[in-house]
Amino acid sequence: MAFAAVVALGACDTTTDTDGDQIPDFYEGIYGWDRTNPDEDANTIVDGLDDPDGDGLTTTYEVVTYPAGPGDGKGTNPTVADSDGDGLSDGDELYWAADPFDPDVDGDGLTDGDEVHLYGTSPIFSDTDFDGLYDGDEVTTYLTDPTVGDTDEDGITDGDEVFYVGSDPLDPDTDGDGWTDGDEYWTYLTDPLDADSHP
């Protein structure tokens, strides 16, 4: 009885392709495309192999393969190059192993597009330089370089300066005593925040 009800409501047939354009009728119905015309834009490329939004992914790949489960009709938008609006095209998101449905895959406070195009950081690692600070915090809060673990090159990582030492990750000699923060902290065991801490 349950099976009959499903059939009555319309089972999700994701294999029938009436016009042979490599897009199953089910998906063409979702987008309101003509199930009987294999080349709707008349550009001599069958619809399934076409890339109307120019994101580097064919229509079939967008509506059927990524990341569609059987019959759910979910896929990237083949008519919009950047489905999640993060500044990184759907094709580039897959290249970077990011998610075209999530504008900030690694949750670091920077959009995937800004990470790739503006900051040179990884859209899939929240701390690209592994210094203990999120990329977004480096860019917006601490003004440190999210691609370099020790922005001021004083021998202490940016994260350690912020969270443990208390020194300035942008100034190699926080207390201005002529000794770098790293030398004071690691070698001389003096306080990099106190110029009078020398022996």
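The values are calculated or read from the model by the stated rules, or taken from the named source; none is laboratory data. Just so you know, these numbers come straight off a predicted model, no measurement behind them. Heads up, the Cβs are rebuilt from the backbone with ideal geometry, glycines too, and the neighbour counts pull from every protein chain shown. Heads up: the accessible areas ignore ligands, DNA and RNA and are worked out on the full protein's heavy atoms, side chains in. Shrake-Rupley method; radii C 1.70, N 1.55, O 1.52, S 1.80 Å.
Over region 79-199, with the other protein chains present, what is the accessible area per residue in square angstrom, probe 1.4 angstrom? Write down the numbers at each step before the final one.
Details: 6010 Å² over 121 residues.
About 50 Å² of surface per residue is accessible.
At Ile124 and Ser197, where each label point lies 7 Å from the Cα along Cα→Cβ, what is the point-to-point distance in nanometres?
For Ile124 paired with Ser197, the spin-label model returns 4.1 nm.
Exactly which GluC sites (Glu not before Pro) in region 135-199 are in a DSSP loop and have at most 13 other Cβ atoms within 10 Å?
On the way: sites: Glu138, Glu153, Glu161, Glu184; in loops: Glu153.
The qualifying sites are Glu153.
Tally up the carbon and sulfur contribution to the accessible surface of the chain as a whole percent, 1.4 Å probe, everything protein left in place.
That fraction is 56 percent.
If the chain between Thr65 and Thr140 were fully stretched, how many nm would it gain, using 0.36 nm times the residue separation less the Cα-Cα distance?
Numbers: separation 75, 0.36 × 75 = 27.00 nm, distance 3.70 nm.
This chain segment gains 23.3 nm when fully extended.
Just grab the label-to-label distance for Thr16 and Thr44, each label 7 Å out from Cα along the Cβ direction, in nm (one decimal).
3.3
Cα centroids of region 93-119 and region 121-170: how far apart, whole angstrom?
19
If the chain between Thr147 and Asn37 were fully stretched, how many nm would it gain, using 0.36 nm times the residue separation less the Cα-Cα distance? Walk me through the intermediate numbers first.
Values: separation 110, 0.36 × 110 = 39.60 nm, distance 4.96 nm.
Separation in residues times 0.36 nm, less the Cα-Cα distance, equals 34.6 nm.
Points 7 angstrom from Cα along the Cβ direction at Leu189 and Asp51: gap in nanometres?
That separation, rounded to one decimal, is 6.2 nm.
Which of the chymotrypsin sites (Phe, Trp or Tyr not before Pro) found in region 120-164 are in a DSSP loop and have at most 10 neighbouring Cβ atoms, other than their own, within 10 Å?
Numbers: sites: Phe125, Phe130, Tyr134, Tyr142, Phe163, Tyr164; in loops: Phe125, Phe130, Tyr134.
Sparse-neighbourhood loop chymotrypsin sites (Phe, Trp or Tyr not before Pro): Phe130.
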